[in-house]
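First comes the structure, then the notes that go with it.
The values are calculated or read from the model by the stated rules, or taken from the named source; none is laboratory data. Bear in mind that the values here come from a model prediction, so they are computed numbers and not experimental data. Positions of Cβ are backbone-derived with ideal geometry, glycine not excepted, and every protein chain shown enters the neighbour counts.
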Amino acid sequence: MGTIVSNNLALGELIKMVSEYRTGLSGLSELEGELLIETLKARALNELDFGQELSSGPVKLVKRVTGNVSIFFGKI
């Protein structure tokens, strides 16, 4: 059974999936994981307000006041 990444998923679901990928719980390939991360960044660019942050497990997503989106992995 594979994980389906869709643009219809909520931002919170996407960040949770990235967290699972980064901790090795999802079983996604490296290519699928990178595509998931790019999907998350694109959605965050459109949906987050400037300066807003979201986190799930070891993943922190930040939309900077400049408009750039950053993802941090590790201890938060």
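Key figures
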read-out	value
Neighbours by Cβ (under 8 Å, 6+ apart or cross-chain): first from the stretch 4-33, without any contact (Cβ under 8 Å) to a residue 12 or more places away in the chain and under 19 Å from residue 60 (Cα atoms); second surrounded by 15 or more Cβ atoms within 10 Å (Cβ to Cβ) and hydrophobic (A, V, I, L, M, F, W, C)	9/17
Search result, residues across the stretch 57-76 that are in a loop (DSSP other than H, G, I, E, B), surrounded by 13 or more Cβ atoms within 10 Å (Cβ to Cβ) and at negative phi	58, 64
Pick from the stretch 9-31, criterion out of contact with any helix residue (DSSP H, G or I) (no Cβ under 8 Å at 6 or more places or on another chain) and outside any helix (DSSP H, G or I), ranking: nearest to residue 74 (Cα to Cα)	23
Test: residue 31 is under 17 Å from residue 5 (Cα atoms) and either out of contact with any His (no Cβ under 9 Å at 6 or more places or on another chain) or at pLDDT 90 or above (or both)	yes
